[in-house]
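Read the structure below first, then the notes.
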Amino acid sequence: MGAPITHFFFESVKALAGNLSYLGGGLVLRRGDFLTEIERLIQETGARALYFNKDYEPDARARDARIAAFLEAKGIMVQGFKDQVLFEENEILTQAGSPYTVFTPYSRAWLARSIEIPLPTSYPTSFRLPENFSALENVFIPTTAELKLYHSRYDFLVTAGERSAHDALQMFLKEAAGAYQDQRNFPSIKGTSMLSAFLRAGNISIREVYHQAVKAKNSLTPEQAKQVDVFISELIWRDFYFQVLYHFPFVINQDFKTSSREIAWRNAPEELLAWKEGRTGYPIVDAAMRQLLKHGWMHNRLRMITAMFLTKHLLIHWKEGERFFAHHLIDFDLAANNGGWQWSASTGTDAQPYFRIFNPFEQSRQFDPKGDFIRKFIPELANVPLRFLHKPWEMPTEVQIASACLIGKDYPAPIVEHRYARERALAAFGASGK
Ligand SMILES: Cc1cc2nc3c(=O)[nH]c(=O)nc-3n(C[C@H](O)[C@H](O)[C@H](O)COP(=O)(O)OP(=O)(O)OC[C@H]3O[C@@H](n4cnc5c(N)ncnc54)[C@H](O)[C@@H]3O)c2cc1C
């Protein structure tokens, strides 16, 4: 995990501690070997049970299973709860009892059961703390600097904590939800909820997001309500990828599809670096990567464009991009990130077919038609006329001079030619037996 999400987690824990103490409760933080510390805490407090919210990542599941076995052997009751998702593990299965690997039927089955989604529980009004609570050892939350993770280079778009999460949800429902489908693909518009980091760090309940979205439909026109359904569909994608990770944990290291495992990925460190630094010569790709480096967040349409560019145009393994996103995203989530990367690389469950390769120029023209997003993140292109903005390499020399943007000097020439890259990717995927 990188600095942005680590910082966001630490800030979330601080906010949680503040909220608990406001309600008369408290939080005990410990550092060290988890079995030793949990056992110590149980001895110190006389606790007879451990309740926890489930985490579906393979390492976390292994950790929680170890804790459960350790405590149960000592007669302590251990109980895990579903909290992170709306439907978990084996709740949505095919009629044959196997996990879904295609989104549409999964989504249909999910929606058929959506009536069962419980309302979020209300806040506790009182706490019964152990008498020695204030004497319990309580460590400080480490700073990211202590962990040699530096978050101050980013200008984050979200602040951790329940209050910010609720504000973000309310603002989205009031101002953007009714036009979500129309606006969500345009990175220069604030058309999405910006809830991903809050959901990731548990600052807001997914049940609350779901029920508030359903409720918001009542005060919208039927056309607007349909747009909210598209938002709900994204929440279903979130559950979908959680269950993919749960049932097929090997996707962390391997393509989901066996047919793509033989692709001859390129080892091209300089091109990889140019992609990471936003220097590919494709403005929409570069602006997107610079958004990630600046804010620790990237718009969903751009995540797809940049991921497909890396895996198809540069033919570089999705794991390189996945790792880079994990390092910089404030909302890094193993299930969604892996799912998004394997979707874009055409190696995953219900992935984009390998022959559908986004044309970065067309994507740019379609989703940043006025070039506002590109100009915001690529100042070198600020004066380039709109007709060349998506393809600056086509600018005649006199226009380059007039725009103070010499291609190859002020802004790079394209790292690879689109048609050539497309043919190369098709050949590589074709040869791997797809
Ligand atoms: C290559 C790639 C990598 C990604 N990595 C992550 C990641 O590490 N963490 C992450 O939360 N999302 C990831 N996504 C999904 C998506 O891009 C983000 O969830 C979204 O951009 C967050 O912005 P938002 O909260 O405004 O989304 P909204 O459009 O408002 O969506 C609402 C919520 O639905 C969920 N969601 C939306 N789209 C997806 C999706 N495609 N898959 C799973 N859940 C989704 C998120 O929790 C999001 O907050 C990735 C997508 C791609 C293509």
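Go through (1) within 11 Å of the ligand (Cβ to nearest atom); (2) more than 12 Å from Y180 (Cα to Cα); (3) of a type in the set (S, T, Y) for S219 and report which single condition fails. All conditions are met except number (1).
Do the conditions hold for Y51, that is, is it outside any loop (DSSP other than H, G, I, E, B), hydroxyl-bearing (S, T, Y) and either in contact (Cβ under 8 Å) with a residue 40 or more places away in the chain or touching a strand residue (DSSP E or B) at 6+ places or on another chain (Cβ under 8 Å) (or both)? Talk me through it step by step, then tell me what you get.
Working: outside any loop (DSSP other than H, G, I, E, B): yes; hydroxyl-bearing (S, T, Y): yes; either in contact (Cβ under 8 Å) with a residue 40 or more places away in the chain or touching a strand residue (DSSP E or B) at 6+ places or on another chain (Cβ under 8 Å) (or both): yes.
Against the criterion (outside any loop (DSSP other than H, G, I, E, B), hydroxyl-bearing (S, T, Y) and either in contact (Cβ under 8 Å) with a residue 40 or more places away in the chain or touching a strand residue (DSSP E or B) at 6+ places or on another chain (Cβ under 8 Å) (or both)), Y51 qualifies.
For first residues located in the stretch 339-354 and within 15 Å of T104 (Cβ to Cβ) and hydroxyl-bearing (S, T, Y), partners that are open to solvent by 30 Å² or more (accessible area, probe 1.4 Å) and away from the ligand (no atom under 11 Å from the Cβ) and lie 6+ apart or on another chain with Cβ distances below 7 Å form the pairs T349/T101; T349/F256.
Taking the stretch 241-335 as the region of interest, none of the helices (runs of 4 or more DSSP H) fully inside it holds 2 or more residues being closer than 23 Å to N203 by Cβ, open to solvent by less than 10 Å² (accessible area, probe 1.4 Å) and more than 14 Å from the ligand (Cβ to nearest atom).
Within the stretch 178-190, none of the residues are within 25 Å of F324 (Cα to Cα), polar (S, T, N, Q) and not in a loop (DSSP other than H, G, I, E, B). The listed residues are G32, G26, G75, and the only one of them that is at pLDDT below 95 and open to solvent by 60 Å² or more (accessible area, probe 1.4 Å) turns out to be G32. The requirement of being aliphatic (A, V, I, L, M), in contact with a Gly (Cβ under 8 Å, 6 or more places away or on another chain) and outside any helix (DSSP H, G or I) is fulfilled nowhere in the stretch 353-374; no residue meets it.
Please go through the stretch 339-353 and give me each residue that is near the ligand (Cβ under 8 Å from one of its atoms) and among the polar types (S, T, N, Q), ordered by number. Within the stretch 339-353, S344 is the sole residue that qualifies. A Cβ distance below 7 Å, combined with a sequence gap of six or more or placement on separate chains, defines the contacts here; from the stretch 209-221, residues that are within 18 Å of D167 (Cβ to Cβ) reach residues that are loosely packed, with under 11 Cβ neighbours inside 10 Å in the pairs H211/L119. A search for C-beta distances below 6 Å between a residue of the stretch 256-269 that is in contact (Cβ under 8 Å) with a residue 24 or more places away in the chain and at negative phi and any residue that is in a loop (DSSP other than H, G, I, E, B) and of a type in the set (S, T, Y), counting only pairs 6+ apart in sequence or on different chains, returns F256/T349; K257/T347; S260/T347; S260/S432; E262/S432; I263/S432.
Out of curiosity, is P130 within 23 Å of S219 (Cβ to Cβ), surrounded by 10 or more Cβ atoms within 10 Å (Cβ to Cβ), in contact (Cβ under 8 Å) with a residue 24 or more places away in the chain and not assigned by TED's automatic domain parsing to the domain that holds G191? The answer is no for P130. Restricting attention to the stretch 81-121, the residues that are hydroxyl-bearing (S, T, Y) and at pLDDT below 95 add up to 1. Filtered by the rule that a residue be more than 17 Å from A165 (Cα to Cα), part of a helix (DSSP H, G or I) and touching a helix residue (DSSP H, G or I) at 6+ places or on another chain (Cβ under 9 Å), the stretch 1-24 gives a lone residue, A3.
In the stretch 85-104, the residues that are within 24 Å of L199 (Cα to Cα) form Cβ pairs under 9 Å with partners that are open to solvent by 50 Å² or more (accessible area, probe 1.4 Å) and at pLDDT below 95, at six or more places apart or across chains, as follows: Y100/D350; T101/D350; V102/D350; F103/D350; T104/D350. Between A345, A351, A335, A288, the distinction of being modelled with pLDDT under 95, of a type in the set (A, V, I, L, M, F, W, C) and closer than 26 Å to I236 by Cα belongs to A351 only. Any residue at all in the stretch 207-219 that's at pLDDT 95 or above, open to solvent by 50 Å² or more (accessible area, probe 1.4 Å) and closer than 17 Å to A15 by Cβ? Looking for residues that are at pLDDT 95 or above, open to solvent by 50 Å² or more (accessible area, probe 1.4 Å) and closer than 17 Å to A15 by Cβ, one finds none in the stretch 207-219, hence no.
Among residues of the stretch 171-200 being more than 17 Å from A288 (Cα to Cα) and of a type in the set (S, T, Y), the one that is surrounded by the most Cβ atoms within 10 Å (Cβ to Cβ) is Y180.
The values are calculated or read from the model by the stated rules, or taken from the named source; none is laboratory data. Only a predicted model underlies this, so the values are computations on that prediction, with no experimental measurement involved. Virtual Cβ from ideal backbone geometry, glycine too; neighbours counted across all protein chains shown. Note: areas computed on protein heavy atoms with side chains; ligands, DNA, RNA excluded. Shrake-Rupley method; radii C 1.70, N 1.55, O 1.52, S 1.80 Å.
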